[in-house]
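First up is the structure itself, then whatever we jot down about it.
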Amino acid sequence: MFLNVNEIRKDFPILQREVFGKPLVYLDNAATTQKPVRVIKKIEEVYSTINSNIHRGVHHLSQLATTAHEEARKTVQEYIHAPNSREIIFTRGTTESINLLASSFCRSQCRSGGEIILTAMEHHANIVPWQMQQSQTGIKIRVVPITEKGEIRLEDIEELISSETRLISLTHVSNVLGTINPIKEIIRLAHNYDIPVLIDAAQSVQHLEIDVQDLDCDFLVFSSHKMYGPTGIGVLYGKENLLEKLPPYQGGGEMIAHVSFQKTTFNELPFKFEAGTPDYVGTVALAEAIRYINELGLSDIHHYEKELLRYATTELMKIDGMRIIGQSEKKSPVISFLVKNIHPYDMGMLLDRMGIALRTGHHCAQPLMESLGIEGTLRASFAFYNTKEEIDVLIEGIKKAAKMLE
Ligand code: PLP
């Protein structure tokens with residue numbers, strides 16, 4: 001089966017618009033993806049038909065909304081092949097998921113210090129929450145370097161592992177380099193030393209099939225808005241026995257079993273980690289996005305996007321002075337690049353005037369930029385609704401902009 005991209009594009013209303021009088025060429029999918037009309041309609045449908053606060057009401061609407069929200073949790077569970085829906089915790093996004101885990105994990109497992117291993121290609125969301133714990137708990141951060149191609153090597157991770165290591169936290173796919181890390185092998189290595197692993201799947205869950213049981217990862221996090229779902233919703237998956245050991249992150253309604261001024265007892269999983277009214281409209285819309293992805297098929301999506309990546313890489317490399325940052329054999333459809341010594345921002349501005357939406361800058365990965373010795377890049381990131389014709393527009397745009405800026 002192949003994707004019918006012309007038909008798929010009709011599902012995304014925003015792709016029909018123009019920018020500065022030119023057809024929009026949206027190549028900023030690693031920042032956020034566009035939403036199919038059925039996801040947008042689902043939000044309207046929930047507010048128009050069943051809106052009511054969940055879990056606490058006996059009345060009909062509250063029960064309908066609760067059922068829809070809990071069914072969404074099951075849809076997420078099935079999507080990542082988690083054994084149990086109690087292991088799916090809804091958050092505001094990848095960033096909040098990592099903050100939750102860093103706080104709960106360090107408070108309970110790192111009281112007398114210890115080390116957290118990160119890699120040099122992490123997004124700030126997987127750096128800063130751990131740094132914030134440094135001052136509270138005395139943990140230390142160790143950083144796995146990257147190779148010239150933009151890959152991490154198992155032996156470099158193993159060298160950093162010690163009796164002090166409490167957790168390894170790394171991204172599945174780099175949002176800058178596109179590198180797909182060998183997480184299964186890394187998890188196996190970590191487990192040989194009884195070290196749990198957190199996978200940041202913000203850049204993989206929309207492109208690759210994820211099976212948390214096959215990977216045997218201990219924690220996995222991602223954001224709805226990068227997988228065609230609404231903003232403001234994210235997921236933290238954790239193995240039940242590990243989540244049980246962690247203290248709550250925030251306090252409030254929903255997460256309690258009983259409250260008195262003397263003592264409060266906490267609710268069971270997953271509610272222990274979900275204080276306050278959740279975005280139950282967002283969760284239902286996320287489930288709709290997952291159904292949409294499933295109907296297209298992740299395997300077909302992967303093949304199509306791989307071809308887009310191959311075509312774009314080949315065509316970009318034909319441009320004079322082109323430098324692609326991130327040369328891993330295994331890449332996701334993300335290409336960071338620089339042209340001669342043109343500032344990425346200047347080129348990004350000119351491309352924008354041509355209707356081409358790219359991202360410029362450090363992509364929330366300043367330590368990575370520092371290790372590469374650059375300030376930033378231009379980044380084109382693709383989704384299954386992009387086409388080779390759009391890549392041709394990008395190539396022509398870059399050539400034109402380069403001529404103007406040289
Ligand atoms: N991790 C990676 C690898 C990312 O690319 C991003 C966003 O770009 C994040 C984490 C943060 O995601 P969010 O802003 O949705 O919390």
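Per-residue ellipticity at 222 nm computed for the chain from its helices equals -12500 deg cm²/dmol, with DSSP H segments shorter than 4 residues left out and the rest contributing -39,500 (n - 2.57).
Among the cysteines of the chain, those whose beta-carbon sits 4.7 Å or more from every other cysteine beta-carbon are Cys217, Cys364.
Computed over protein heavy atoms with a 1.4 angstrom probe, the accessible surface ordering of Val281, Val143, largest first, is Val143, Val281. Using heavy atoms of the protein chains and a probe of 1.4 Å, the accessible area assigned to Lys184 is about 70 Å². Taking the chain as a Gaussian network of alpha-carbon nodes connected by springs under 10 Å, the highest mean-square fluctuation of the residues Phe20, Phe382, Phe90 belongs to Phe20.
Remind me, relative contact order of the stretch 40-294 in percent, using alpha carbon pairs under 8 angstrom and six or more residues apart?
Details: 463 pairs, mean separation 62.9, N = 255.
That works out to 25 percent.
Bridge orientation summary for the chain: considering DSSP beta bridges with both residues in this region, about 60 percent are antiparallel. Of the solvent-accessible surface of the chain, computed with a 1.4 Å probe over protein heavy atoms with every protein chain present, carbon and sulfur atoms account for 51 percent. On a 0 to 90° scale, report how tilted helix 94-109 is relative to the longest principal axis of the chain, with both axes built from alpha carbons and the result rounded to the nearest 10. So the helix axis and the longest Cα principal axis differ by about 40 degrees. When averaged across all projection directions, what area in nm² does the alpha-carbon convex hull of the stretch 151-217 cover? Across all orientations, the stretch 151-217 yields a mean hull projection of 4.4 nm². Residue separation of His124 and Arg188 scaled by 0.36 nm, minus their Cα-Cα distance, works out to 20.5 nm of gained length.
Any idea what the relative contact order of the stretch 251-328 is, in percent, if you count C-alpha pairs under 8 Å spaced at least 6 apart? Relative contact order, the stretch 251-328: 18 percent. For the residue pairs Lys22/Lys399; Lys42/Lys330; Lys140/Lys239, the C-alpha atoms sit more than 27 angstrom apart in Lys42/Lys330.
When Asp300, Asp214 are compared by accessible surface with a 1.4 Å probe, the order from highest to lowest is Asp214, Asp300. What angle do you read, to the nearest 10 degrees and between 0 and 90, between the alpha-carbon axis of helix 344-353 and the longest principal axis of the chain? Once rounded, one gets 80 degrees. Counting only residues at least eight positions apart within a chain, or on another chain, the aspartates and glutamates with an alpha carbon under 12 Å from that of Lys245 are Glu268.
For Asp28, the residues whose amide H sits under 5 Å from its own are Ser381, ignoring neighbours fewer than 5 places away on the same chain, with H placed 1.01 Å from N. Accessible surface area normalised per residue over the chain is 44 Å², counting heavy atoms of protein chains with a 1.4 Å rolling probe. Please list log₁₀ I(q)/I(0) at q = 0.07, 0.08, 0.14 Å⁻¹ for the chain, using the Debye equation with identical point scatterers on the alpha-carbon positions. The computed values of log10 I(q)/I(0) come out as -0.34, -0.45, -1.28.
The values are calculated or read from the model by the stated rules, or taken from the named source; none is laboratory data. Keep in mind that this is a model prediction, so the values were computed, not measured. Backbone-built Cβ (ideal geometry, glycine too); neighbour counts: all protein chains shown. The accessibility values were calculated without ligands, DNA or RNA, using every heavy atom of the protein model including side chains. Shrake-Rupley method; radii C 1.70, N 1.55, O 1.52, S 1.80 Å.
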